[in-house]
Every structure is written in structure tokens, then in C-alpha cells.
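Please read the structure below before turning to the comments.
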Amino acid sequence: MTQRPDAPNQLAITFLYYKDLARAEAFYRDVMGFPCVIDQQGLAKIMRVCEGAHIGLVDEAHGMHKWAETRPVQFCVRVPDVDAWYAYIETQGVENLSEMFVNDAIGIRAFVFDDPEGYQVEIQTATREGA
């Protein structure tokens, strides 16, 4: 039986598909503050979210999947100060910004909004140890 490779993984990348790659890149770079660490020459932009975690923005005309109106994906970022992020995002003109909410069952305080092409972004902080 062949063994699973045991070398450590190098990156984690979640890919999302966009009609307007430049607009998506500008949002994640300028609003969210994620640097582009890999530029795949107009096909995709890999943005670093935090150490080891990345979001890949793909031009749907060249990707393995196509843009779709229904988006059953939520991109979530856990931060130490959700209130500071809320105050900042309020000034950025994003679509569908929610009120701040608390989910005691899973131990988070959070809010959501849409990126330029309708993917939901959640910014959250833990309300208790281990959440």
C-alpha cells in the first residue's frame, strides 16, 4: 500500500471565481489588506490572508470552474478586534453589511458583507476560549 506523503503542507488556498478579476484583486488588496503573493499572469491572483492561508481569485474565463450567480461559499476571517474591523468596513461602501451579531452556541461575535461579486465575507472574533 502506498503511504501518504508526510512532508508538511506549504499553503492552503481557497479559490473563488470572478468575472472581473482586477476588481476582485483591488477589493482584497485595498479594502481587506491582503497582499498578492503569487500572480498567475491574469489567470489568478493568490492573496495571503495570514500565515499559511490564502485566497485565490480566479478569472472565470480561464479557471477550472465558471462564475455562478449562486454562491454557496462564505469566506471567513477571524480577527482579534471585530469592532475595529466593523468600524472600518462601514466606511468602505460594501454591499449587504449586516449588523454585528453574537452566536453563543459556537462562541463568536461577527458581521458579514458581500465582496464585489457577491461572495459573503464574515469577520469574526471568538467570545470564549476554544471557540
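The values are calculated or read from the model by the stated rules, or taken from the named source; none is laboratory data. The structure displayed is predicted, hence computed values, not measured ones. When we count neighbours, we look across all protein chains shown, and the Cβ atoms used for this are built from the backbone with ideal geometry, even at glycine. With ligands, DNA and RNA removed, areas are computed over all heavy atoms of the protein, side chains included. Shrake-Rupley method; radii C 1.70, N 1.55, O 1.52, S 1.80 Å.
Can you find a residue in the range 98-118 that is crowded, with 18+ Cβ neighbours inside 10 Å and not in a strand (DSSP E or B)?
Among the residues of the range 98-118, at least one is crowded, with 18+ Cβ neighbours inside 10 Å and not in a strand (DSSP E or B), which makes the answer yes.
Does Thr91 count as more than 22 Å from Thr14 (Cα to Cα) and among the hydroxyl-bearing types (Ser, Thr, Tyr)?
Judged against the criteria, Thr91 is a match.
I'm told Gly63 meets every condition in (1) closer than 19 Å to Ala12 by Cα; (2) open to solvent by 60 Å² or more (accessible area, probe 1.4 Å); (3) not in a strand (DSSP E or B) except one. Can you identify the failing condition by its number?
(2)
Can you pull out the residues in the range 29-73 that are over 12 Å from the mean Cα position of the chain (by Cα) and at positive phi?
Gln41, Gly42, Gly52 - these are the residues of the range 29-73 that are over 12 Å from the mean Cα position of the chain (by Cα) and at positive phi.
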